[in-house]
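The values are calculated or read from the model by the stated rules, or taken from the named source; none is laboratory data. Predicted model only: the values in this text are computed from it and were never measured. When we count neighbours, we look across all protein chains shown, and the Cβ atoms used for this are built from the backbone with ideal geometry, even at glycine.
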Amino acid sequence: MNHDISPDELKRRYSEVLLARAAPVFEQAALSAREAGLQATVHTGGNPPELCLQVSANDNAHASHYLIQLDQASLQVQHQLLLTVDGSCRRVSGGLESINNMVLDTHLSTLFREGFSVILPPVEERHPKGFW
C-alpha cells in the first residue's frame, strides 16, 4: 500500500481503476463465455465497489466466479477465484497496480480453462502460445 495517500483517496482511485480497467475486460470475457455456450454475468456494487464475473455451464449449475474487491481493513485489492468444479477458492492480495491486464488475463484464463475447459479468444489474442 502507498502510505502517502489517505484511505479515502485510495478508495477513490481503486473505484476509478476498477471501473475503467477491469470492468471492460470482465464484460468482454462474459461475452466470449456466452459465445462459447456458457452462462455469464458481470455484477458491480457497493462502496467501494466490487466487481464479479459469474460463470456457469447452465442455468442449474453452481456458478464459479472471479471477484475483485477492496479489503477495508488492509486496504489491499483482493482477487478471488472460486472454481466449483473442484471446490477451490484462491485469493491473491495486491495493491492498486494489481488491477492490470496481465493479472486480469491470468485469472480469467484460469477461471475458464480450469473451470470449464474453455479458452477465451481475446485472452489468447493478447497472449499468444508460449506466453504462459
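Counting the residues of segment 24-43 that are surrounded by fewer than 16 Cβ atoms within 10 Å (Cβ to Cβ), part of a helix (DSSP H, G or I) and not basic (Lys, Arg) gives 4. The residues on offer are Leu31, Leu53, Leu70, and the sole one that is under 23 Å from Ser117 (Cβ atoms) and touching a helix residue (DSSP H, G or I) at 6+ places or on another chain (Cβ under 6 Å) is Leu53.
Per-residue answers, yes or no, for (1) over 10 Å from the mean Cα position of the chain (by Cα); (2) surrounded by 13 or more Cβ atoms within 10 Å (Cβ to Cβ):
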{"residue": "Gly45", "(1), (2)": "yes, no"}
{"residue": "Pro48", "(1), (2)": "yes, yes"}
{"residue": "Leu51", "(1), (2)": "no, yes"}
{"residue": "Asn58", "(1), (2)": "yes, no"}
{"residue": "His65", "(1), (2)": "no, yes"}
{"residue": "Val77", "(1), (2)": "yes, yes"}
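Examine segment 56-74 for a residue that is part of a helix (DSSP H, G or I), small (Gly, Ala, Ser), modelled with pLDDT under 95 and in contact with a strand residue (DSSP E or B) (Cβ under 8 Å, 6 or more places away or on another chain), and state whether such a residue exists. No, every residue in segment 56-74 fails to be part of a helix (DSSP H, G or I), small (Gly, Ala, Ser), modelled with pLDDT under 95 and in contact with a strand residue (DSSP E or B) (Cβ under 8 Å, 6 or more places away or on another chain).
From the list Val85, Val118, Val77, the lone residue that is of a type in the set (A, V, I, L, M, F, W, C), part of a loop (DSSP other than H, G, I, E, B) and touching a Leu at 6+ places or on another chain (Cβ under 8 Å) is Val118.
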